[in-house]
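Readers should treat all values here as calculations from the given coordinates under stated rules, not as data from a laboratory. Just so we're clear, the structure is a prediction, and the values are computed from it rather than from any experiment. All Cβ positions, even for glycine, are placed from backbone atoms using ideal geometry, and neighbour counts span all protein chains on display.
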Amino acid sequence: MSLNNPHFEYHHHLLTALKEAVAQQPPFNLADAGEADREFLTSLTSLSEASTLTEKMAYEGQQLICKAIASYPHITPLIPRDLFWFFGGDCLHFMPDEEIANYQLLDERRFEAEEKGLNFHFEGERAKIFGLH
């Protein structure tokens, strides 16, 4: 999946915004941040700068989301819920069943539109499914 894909582009934007928000939070914004903290931010930066999503990167995304929850609970509210679903795997443990069902429905509609060659407005359809309108 690459930046030419609107689905990836949407999530790439969320990941970039997350990286920028995390960089402003302690311990990441402190001059004396620990090595593990610097490595976390470096990994998040590398992931946000990628122009394609590989299987390895999807795994790294899962690991970063899970590490954020375990090691940096104060940044957990900064993580868009869409990224939990996008990276999947262990991230799904942090999602309630109803939310997972909504994302499954969203993916089904997206795949159906792609199969029919129709344009799919991810954000608009997401807003409808999640009752954001």
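Here are a few things to note about the model shown:
- Nearest 10 degrees, 0 to 90: helix 6-23 Cα axis against the chain principal axis: 20
- With R₀ set to 25 Å, the beta-carbon distance separating S51 from E123 gives a calculated FRET efficiency near 0.75.
- Selection from F86, S43, I100, by position along the positive dipole direction of segment 26-109 (Cβ): S43
- Distance between the C-alpha centres of segment 100-133 and segment 1-54: 25 Å, rounded to the whole angstrom.
- Rg ratio for the chain: its Cα radius of gyration over 2.2 N^0.38 Å, N being its residue count, equals 1.11.
- Once both labels are positioned 7 Å from their Cα atoms along Cα-to-Cβ, the gap between T76 and T16 label points is 2.9 nm.
- Derived scalar couplings ³J(HN,Hα) [segment 42-49; Karplus, 6.51 cos²θ - 1.76 cosθ + 1.60; whole Hz; x for Gly, Pro]: 4, 5, 5, 5, 4, 5, 6, 8
- Karplus (6.51, -1.76, 1.60) ³J(HN,Hα), θ = phi - 60°, over segment 122-132, in Hz, Gly and Pro reported as x: 4, 5, x, 5, 4, 4, 5, 5, 8, x, 8
- Packing rank of 69-78, 100-109, where each peptide gets the mean count of other beta carbons within 10 Å, highest leading: 100-109, 69-78
- A full extension of the chain between E108 and N5 corresponds to an added length of 35.4 nm, given 0.36 nm per residue minus the alpha carbon distance.
- Within the listed set E35, E60, E123, the Gaussian network model of the chain (springs between alpha-carbon atoms below 10 Å) gives the highest mean-square fluctuation for E35.
- Taken about its Cα centre, the chain carries a charge dipole of roughly 180 debye when the Cβ of each Lys and Arg holds +1 and the Cβ of each Asp and Glu holds -1.
- If R0 is 41 Å, the Cβ-Cβ spacing of E98 and A23 corresponds to a FRET efficiency of close to 0.80.
- Per-residue ellipticity at 222 nm from helix content only, as computed over the chain with -39500 (n - 2.57) for each DSSP H run of at least four residues, stands at -20500 deg cm²/dmol.
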